[in-house]
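Below you'll find the structure I mean.
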Amino acid sequence: MIDYLSGQLTEITPTSAIVECGGIGYEVNISLIDFTSIQNEKNVKLYIHEAIREDAHLLYGFTSKRGRELFRLLIGVSGVGPNTARLILSAITVTDLEQTIASGNDSILKSVKGIGAKTAQRIIVDLKDKIKVGESTLISMSSTSSESYDEALSALIMLGFTSQQSQKVLKKLFADTPSITVENAIKMALKML
């Protein structure tokens with residue numbers, strides 16, 4: 001699984017970037033907000049979410065781990081796919097989206113093209129407990145524990161568990177024992193899932 005790509009930005013459009021790493025150019029889907037922050041850069045580092053389907057192997061890139069984590073939370077909501085999540089993150093910054101969900105303000109979500117009242121409400125209901133402004137997973141954890149959390153989450157998803165159920169269990173484990181190792185987190189999560 002790819003955690004991030006760090007390399008030369010060879011091409012960029014508002015929706016995708018080509019990042020050359022070791023002589024290989026990777027096409028990465030990006031949000032408009034990330035496009036504006038990297039469009040004039042020569043070298044970039046993008047945190048990656050891989051979506052492997054029967055007909056395609058897609059990479060979604062984010063300039064921050066918080067952005068990637070929010071993307072993963074969004075695609076865990078029923079009815080929100082990767083393109084819809086990217087559209088939301090193109091219209092609303094990560095910080096603003098966290099505040100919108102935490103405050104339950106669905107009007108901001110409904111202002112995003114293609115997001116109706118039901119989807120906006122579902123996003124808020126599903127994610128309100130997972131996002132607390134100033135205490136989001138990646139803000140409250142130390143960088144070591146957030147890396148361990150990401151590793152454990154990736155492992156559970158690769159084992160076939162859904163992102164949503166894996167995140168729920170891991171957040172509880174890391175909240176109870178912030179210094180838990182990746183290996184122990186995975187073992188304990190497997191017993192709880």
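Within segment 135-153, which residues are out of contact with any Leu (no Cβ under 8 Å at 6 or more places or on another chain) and at pLDDT 80 or above?
Result: 151, single match.
Consider segment 31-56. How many of its residues are of a type in the set (Lys, Arg) and surrounded by 13 or more Cβ atoms within 10 Å (Cβ to Cβ)? Give the steps one after another, and end with the answer.
The first filter runs over segment 31-56 and keeps only residues of a type in the set (Lys, Arg), leaving 42, 45, 53.
Still in the list and also surrounded by 13 or more Cβ atoms within 10 Å (Cβ to Cβ): 45.
Of the residues in segment 31-56, 1 are of a type in the set (Lys, Arg) and surrounded by 13 or more Cβ atoms within 10 Å (Cβ to Cβ).
Just for strands (runs of 3 or more DSSP E) wholly inside segment 1-88: which have at least 1 residues that are of a type in the set (Asp, Glu) and closer than 30 Å to residue 160 by Cβ? Please lay out each step first, then the result.
Working: elements: 4-12, 16-21, 24-29, 43-52, 57-62.
Once the strands (runs of 3 or more DSSP E) in segment 1-88 are filtered for at least 1 residues that are of a type in the set (Asp, Glu) and closer than 30 Å to residue 160 by Cβ, what remains is 24-29, 43-52.
It is to be established whether one or more residues within segment 69-77 are in contact with a Phe, Trp or Tyr (Cβ under 7 Å, 6 or more places away or on another chain), within 22 Å of residue 158 (Cα to Cα), buried (at least 19 other Cβ atoms within 10 Å of the Cβ) and assigned by TED's automatic domain parsing to the domain that holds residue 121.
We begin by selecting, within segment 69-77, every residue in contact with a Phe, Trp or Tyr (Cβ under 7 Å, 6 or more places away or on another chain); these are 71.
Then keep just the ones that are within 22 Å of residue 158 (Cα to Cα); that gives 71.
With buried (at least 19 other Cβ atoms within 10 Å of the Cβ) added as a condition, the list becomes 71.
Filter again for assigned by TED's automatic domain parsing to the domain that holds residue 121, leaving 71.
Checked segment 69-77: at least one residue is in contact with a Phe, Trp or Tyr (Cβ under 7 Å, 6 or more places away or on another chain), within 22 Å of residue 158 (Cα to Cα), buried (at least 19 other Cβ atoms within 10 Å of the Cβ) and assigned by TED's automatic domain parsing to the domain that holds residue 121.
Give the residue, chosen from 45, 65, that is charged (D, E, K, R), in contact (Cβ under 8 Å) with a residue 40 or more places away in the chain, on the phi < 0 side of the Ramachandran plot and in contact with a helix residue (DSSP H, G or I) (Cβ under 8 Å, 6 or more places away or on another chain).
Details: 45 fails: in contact with a helix residue (DSSP H, G or I) (Cβ under 8 Å, 6 or more places away or on another chain).
Unique residue meeting the criteria: 65.
The values are calculated or read from the model by the stated rules, or taken from the named source; none is laboratory data. Keep in mind that this is a model prediction, so the values were computed, not measured. Every residue, glycine among them, receives a Cβ derived from its backbone with ideal geometry; neighbour counts consider all protein chains shown.
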